[in-house]
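Report on the following structure.
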Amino acid sequence: MHVETAFPLSRLTTIGTGGPAAAFARPSTLAELEEAVGWATERGMEVVTVGLGSNVLASDEGVDALVLRLGGELALVATYDDALEAGGGATNAVCLHRARAAGLGGLEFACAIPGTAGGGVRMNAGAYGSDWAAILECALVVSADGSGWLDTAELGLSYRHSSLGTGQVVARVRYRLAPRPPAEIRAEVAELVARRKATQPTNKRTFGSVFKNPAGELGAGRMIELSGLKGHRIGGAVISPRHANFIENAERATSADCIALMAEARRRVREQFGVELEREVVLLGPDSAGV
Ligand SMILES: Cc1cc2nc3c(=O)[nH]c(=O)nc-3n(C[C@H](O)[C@H](O)[C@H](O)COP(=O)(O)OP(=O)(O)OC[C@H]3O[C@@H](n4cnc5c(N)ncnc54)[C@H](O)[C@@H]3O)c2cc1C
């Protein structure tokens with residue numbers, strides 16, 4: 001297994017910010033993944049897996065951990081009858097493409113979620129009334145304690161949440177899908193992508209939703225917008241003028257810029273609505289007070 005040191009996390013995140021990972025490896029088989037986890041455990045290091053980095057904000061100071069990005073066999077996709085099996089590093093786009101080719105529906109909701117199978121499980125990602133919990137049958141999870149398949153109850157999936165902790169790596173997933181004509185899948189995906197483009201900053205560097213939507217009528221984005229923060233800029237980061245629950249990297253933003261914007265959004269929403277916004281994006285590295 002090849003381990004790189006001081007690997008820039010800005011290359012692994014869609015927002016394009018983040019300092020160095022103390023150690024970085026790209027396991028491409030289950031054996032290599034287990035070896036990597038063992039390597040970190042022997043050194044007392046944390047293991048952090050990054051998928052497409054589409055819902056993470058990595059500290060500018062870096063992350064004192066072994067950071068993994070799964071590739072090779074751990075990113076392959078295959079279909080069997082009404083099931084689709086994917087490596088934890090397989091992208092949603094490839095899974096959706098393979099499902100459509102096999103005439104299997106159920107993954108359409110994920111067409112605008114730019115992540116991987118493993119990241120989807122960890123976040124219980126979702127959109128348009130569906131989520132990972134609705135299609136996932138089980139996931140193969142590797143950790144310092146060993147490897148085993150967990151079902152959705154064991155994974156503790158709820159709104160944008162799973163019970164997976166740092167150090168638990170999703171190596172494979174099995175989705176239960178349903179027969180659907182490819183033309184219908186294509187038409188629904190085209191419609192969902194068009195809806196997305198009309199409302200969200202799809203052509204900017206972001207990390208997806210900043211905050212979870214609280215219970216109640218107003219979404220996080222609407223409350224931030226009503227607090228007057230659309231377009232608000234700190235350093236190189238800006239609250240998206242298109243959708244206020246996104247932060248865009250306008251120009252050489254740092255993670256600190258994003259965190260300052262998040263703290264300001266939370267403060268203003270607390271003052272105006274008495275609501276405590278809960279972070280959806282995952283912070284990697286030293287946690288920042290107040291966000
Ligand atoms: C433009 C845009 C639109 C988005 N739209 C949506 C949306 O509609 N709905 C939604 O839910 N999300 C959305 N997101 C957020 C994001 O795409 C999802 O949360 C996605 O599932 C994250 O997957 P990822 O592979 O990029 O994970 P990452 O962002 O790399 O990681 C997220 C978390 O998962 C962990 N993780 C990643 N891979 C693994 C693995 N193999 N095993 C264990 N843990 C792992 C990471 O350690 C981290 O804690 C959007 C993001 C962007 C940039």
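Here the Gaussian network model covers the chain, with springs between Cα atoms less than 10 Å apart; of Ala215, Ala198, Ala134, Ala215 fluctuates the most.
Dividing the C-alpha radius of gyration of region 42-112 by 2.2 N^0.38 Å, with N its residue count, gives 1.40. Given their separation in residues at 0.36 nm each and the Cα-Cα distance between them, Arg43 and Arg196 gain 50.7 nm when the chain is fully extended. Assuming R0 = 45 Å, what is the FRET efficiency of His2 and Ala178, from their Cβ-Cβ distance, to the nearest 0.05? After rounding, the FRET efficiency stands at 0.65. May I ask you to give the solvent-accessible area per residue for the chain, in square angstrom, as obtained with a 1.4 angstrom probe? Ligands and nucleic acids excluded, the figure is 44 Å² per residue.
Modelled label positions at Glu271 and Asp64, each set 7 Å beyond Cα in the direction of Cβ, lie 3.6 nm from each other.
Each part gets one Cα centre, and for region 215-234 versus region 149-208 those centres are 24 Å apart. In order along region 203-219, the Karplus-derived 3J(HN,Hα) couplings, from 6.51 cos²θ - 1.76 cosθ + 1.60 at θ = phi - 60°, round to 9, 10, 7, 9, 10, x, 5, 6, 10, 6, 6, x, 5, x, 6, 8, x Hz, and Gly and Pro are given as x. Comparing Thr152, Thr166, Thr14, which has the greatest mean-square fluctuation in the GNM of the chain with Cα pairs linked when under 10 Å apart? Maximum fluctuation in the GNM of the chain, among the listed residues, is at Thr166. Applying the criteria of a DSSP loop state and at most 13 other Cβ atoms within 10 Å to the GluC sites (Glu not before Pro) of region 49-147 yields Glu61. Counting only aspartates and glutamates at least 8 places from Lys212 when in the same chain, those with an alpha carbon closer than 12 Å to its own are Glu276, Glu278, Glu280. Determine which residues of region 229-249 fall in the zone a paramagnetic label at Leu218 would reach in this model, i.e. backbone nitrogen under 20 Å from the point 7 Å along Cα→Cβ. Taking a point 7 Å out along Cα→Cβ of Leu218, the residues of region 229-249 whose backbone N falls under 20 Å are 229-233, 239-247. Annotation: Cα Rg of region 212-256 relative to the compact-globule expectation 2.2 N^0.38 Å equals 1.20. If a/c stays under 1.5 just call it rounded; otherwise compare a/b with b/c (prolate if a/b is bigger, oblate if not). Do that for the chain, with a ≥ b ≥ c from the square roots of the Cα gyration tensor eigenvalues. It comes out oblate by the Cα gyration axes. Geometric descriptor of region 1-70, per residue, is 72 Å³ (volume of the convex hull of the Cα atoms). Taking the Cα centre of the chain as origin and assigning +1 to Lys and Arg Cβ atoms and -1 to Asp and Glu Cβ atoms, the resulting dipole is close to 1120 debye.
Rounded to the nearest 0.05, what FRET efficiency do Asp81 and Thr166 give with R0 = 51 Å and r taken as the Cβ-Cβ distance? Could you check? The formula returns an efficiency of 0.90 here.
Counted over the chain, the DSSP beta bridges are approximately 75% antiparallel. Computed from label points 7 Å out along Cα-Cβ, the spacing between Ala93 and Glu278 is 3.2 nm.
Between Glu35 and Asp145, the modelled label-to-label distance comes to 2.6 nm, taking each label 7 Å out from Cα in the direction of the beta carbon. For the options Gly44, Gly119, Gly103, a Gaussian network treatment of the chain with springs between C-alpha atoms closer than 10 Å singles out Gly44 as fluctuating the most.
For region 91-137, what percent of Cα pairs sit more than 16 Å apart? That fraction is 28 percent.
The percentage of C-alpha pairs in region 113-198 whose separation is greater than 19 Å is 44%.
The alpha-carbon of Lys230 sits under 16 angstrom from the alpha-carbons of these lysines, leaving out residues fewer than 8 places away in its chain: Lys204. Straight-line cross-link partners of Lys197 among the aspartates and glutamates, defined as a Cα under 19 Å from its Cα and at least 8 positions apart when in the same chain: Glu108, Glu188, Glu225, Glu248.
The values are calculated or read from the model by the stated rules, or taken from the named source; none is laboratory data. On a predicted model such as this, the values are computed, not experimentally measured, just so you know. Note that each Cβ is placed from the backbone with ideal geometry, even for glycine, and that neighbours are counted across all protein chains shown. Just so you know, the surface numbers come from the protein's heavy atoms only, side chains and all, with ligands and any DNA or RNA stripped out. Shrake-Rupley method; radii C 1.70, N 1.55, O 1.52, S 1.80 Å.
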